[in-house]
Amino acid sequence: MSKSPFLAAAILAAAILTFPVHAQDTKKEAAIKPADPESKVVLDSWNDIGRKLVAMAEDFPEDKYDLKPTPAQRSFAEQLLHAANANYFFTDPAMGKPMPKEEDPKRSDYKTKADVVAFVKKSFADGAAALKAKGDKGMSDLLVDPFAHQQVRVLDMAYGLIEHSGEHYGQLAVYYRVAGLVPPESRPKK
């Protein structure tokens with residue numbers, strides 16, 4: 001009989017000691033971080049695809065920059081130039097400048113790997129600067145999509161160009177595989 005009061009006291013003490021721990025866990029779960037502002041989300045996406053394309057531009061061997069998986073396709077360098085230049089169809093009107101005159105820059109104007117890398121870096125940096133300049137209040141500003149001939153919000157046009165860059169990223173991953181290489185993003189992480 002003398003064990004019962006001791007056992008009851010031990011159970012009560014265990015219950016009391018675990019209650020504050022459980023209450024703290026509940027408070028942690030209840031504290032939900034608010035959503036990031038629209039401008040930060042789109043800027044993060046812009047910078048992420050830019051980082052991936054820059055990494056490919058820097059990594060791919062210069063002697064393979066004119067590789068085409070088939071004769072009808074753009075070369076590796078032409079893919080990068082096209083994707084980078086397309087950014088200006090967002091950046092220029094977002095900053096109040098006229099649209100680019102051409103969709104595809106001439107490869108002959110970007111003779112070296114360093115020239116192409118610099119152009120890719122600049123196009124994504126210019127786009128990031130435009131997004132920062134617009135901020136949250138400017139995400140709903142209207143631009144004219146030159147291909148759809150329709151008004152679109154800054155946010156929507158930026159996402160359209162992010163998606164376009166993602167398409168070219170996927171195409172460039174194939175160029176890597178055709179060349180017997182592994183794209184930077186597909187390599188094992190250290």
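Quick note: the coordinates plus some simple rules give every number you see, no bench work behind them. It should be emphasised that the depicted structure is a prediction, and the values quoted were computed from it without experimental measurement. With ideal geometry, Cβ positions are generated from the backbone for all residues, glycine too; neighbour counts draw on all protein chains shown.
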Checklist entry - Which aspartates and glutamates have a Cα lying under 19 Å from the Cα of Lys33, excluding residues fewer than 8 positions away in the same chain? => result Asp25, Asp44, Asp136
Checklist outcome for this item: Listed by chain and number, the residues whose amide H is under 5 Å from that of Leu67, excluding neighbours fewer than 5 places away on the same chain and using placed H, are Phe76, Ala77
Checklist entry - Once both labels are modelled 7 Å past Cα along the beta-carbon direction, what's the Glu58-Ala72 spacing in nm? => result 3.6 nm
Checklist outcome for this item: About its Cα centre, the stretch 22-135 carries a charge dipole, from +1 on Lys and Arg Cβ atoms and -1 on Asp and Glu Cβ atoms, whose size in debye to the nearest 20 is 200 debye
Checklist entry - Taking a 32 Å limit on the Cα-Cα distance, which of the listed pairs Lys68/Lys121; Lys111/Lys190; Lys101/Lys189; Lys121/Lys189; Lys97/Lys189 fall beyond it? => result Lys111/Lys190; Lys101/Lys189; Lys97/Lys189
Checklist entry - Rg(Cα) of the stretch 33-150 divided by 2.2 N^0.38 Å? => result 1.17
